[in-house]
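Let me begin by presenting the structure, written as structure tokens, before commenting on it.
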Amino acid sequence: MGNLQSRLDEFKREFESGAPPYNATHEVIETMHRATAELEASGLANKALKIGDRAPRFSLFNQDHVEVNSADLLRQGPLVVSFFRGHW
Amino acid sequence: MELEALQGIYSEVKALGAQIVVLTAELERYTRALHKKLNLTFDILTDLYLKTAEQFRLVYVLPDYLRELYRSFGNALDRFHDEPEFRLPIPARYVIDKHGIIRAADVSADYTIRPEPSDTLNALRALKTNARQVA
């Protein structure tokens, strides 16, 4: 299966090659690079919560509309929280 | 890809006494479809309007030119997220110990870079080792 980053890198290579099925134009690729560079320059990643900080509690609905509370999960043990920007 | 990779380590995560949740601003009708499609066994939680992502200080507003680009791809944040302001979280994965303290944090402004699931497993193993030493 290989590691995650190498698969992401492979996808990026295919996308930026301009070949089908993505057919990304040079302009599209440049726009995405610009956005990433600006976001990196903004320093947002350095302002995010970090090691040693107390994690905010949350109570949110899962895919089956069941409410899930972080405090309940943490009572059972450590928790991995992954933020996902979307499937699109 | 990241969700499948997390599913790939989930049995080991559970064996270490831990759990995984994925937070997204996507509405439940989309998380339900995605959860089913990928056969996930951990929860995807709808972080409506990115309120929790905001508390982790991960949220940014898309610049106008990027909104136009995504629109041209047929993507619609307002449809998937009920998000008229075009905000997104930067990719991040945290390991939180049972006392609620962040013990590992992988945050990247470049959305094409994601932390390896094996790093997350290592963080959980280290947590378990430390807990044993304290006890």
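The values are calculated or read from the model by the stated rules, or taken from the named source; none is laboratory data. As the structure is a prediction and not an experimental result, all values here were calculated from the model. Every residue, glycine as well, gets a Cβ built from its backbone with ideal geometry; the counts of neighbours run over all protein chains shown.
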Open item on the list: Being among the charged types (D, E, K, R) and over 19 Å from B:ASP64 (Cα atoms) is the filter here; which residues of the stretch A:15-39 pass it?
Closed with: A:GLU16
Task: Output for the stretch A:62-88, where each listed residue is polar (S, T, N, Q) and farther than 25 Å from B:TYR60 by Cβ - done: A:ASN62, A:GLN63, A:ASN69, A:GLN76
TODO: Can you give me the number of residues within the stretch B:31-43 that are at the interface with chain A (Cβ under 7 Å from one of its Cβ atoms) and either touching a Phe, Trp or Tyr at 6+ places or on another chain (Cβ under 8 Å) or crowded, with 20+ Cβ neighbours inside 10 Å (or both)?
DONE: 3
Task: Cross-chain or 6+ apart pairs with Cβ under 7 Å, the stretch B:26-46 first and under 17 Å from A:SER82 (Cβ atoms) and touching a residue at least 12 places away in the same chain (Cβ under 8 Å), then among the small types (Gly, Ala, Ser) and not in a helix (DSSP H, G or I) - done: B:GLU26/A:GLY86
TODO: State all residues of the stretch B:31-56 that are part of a loop (DSSP other than H, G, I, E, B) and within 17 Å of A:PHE58 (Cβ to Cβ); if no residue qualifies, say none.
DONE: B:PHE42, B:ASP47, B:PHE56
Open item on the list: If I go through the stretch B:95-135 residue by residue, how many of them are in a helix (DSSP H, G or I), of a type in the set (Val, Ile, Thr) and closer than 30 Å to A:ARG13 by Cα?
Closed with: 1
TODO: Determine whether the stretch B:56-74 contains at least one residue that is of a type in the set (Asp, Glu) and touching a residue at least 24 places away in the same chain (Cβ under 8 Å).
DONE: no
- [ ] Being free of Cβ contacts under 8 Å to residues at least 12 places away in the same chain and either at the interface with another protein chain (Cβ under 7 Å from one of its Cβ atoms) or closer than 30 Å to A:LEU39 by Cβ (or both) is the filter here, so list the residues in the stretch B:93-109 that pass it.
- [x] B:ILE96, B:LYS98, B:GLY100, B:ILE101, B:ILE102
- [ ] Give the residue, chosen from A:PHE83, A:PHE15, A:PHE61, that is more than 30 Å from B:ALA15 (Cβ to Cβ) and of a type in the set (Phe, Trp, Tyr).
- [x] A:PHE15
Task: Restricting the stretch A:42-74 to residues that are at the interface with chain B (Cβ under 7 Å from one of its Cβ atoms) and of a type in the set (Lys, Arg), the residue that is surrounded by the most Cβ atoms within 10 Å (Cβ to Cβ) - done: A:LYS50
Open item on the list: Here is a check on your reading of the model: is A:ALA35 facing chain B (nearest Cβ under 7 Å), modelled with pLDDT of 85 or more and surrounded by 12 or more Cβ atoms within 10 Å (Cβ to Cβ)?
Closed with: no
Open item on the list: Can you tell me how many residues within the stretch B:1-30 are buried (at least 16 other Cβ atoms within 10 Å of the Cβ) and in a helix (DSSP H, G or I)?
Closed with: 10
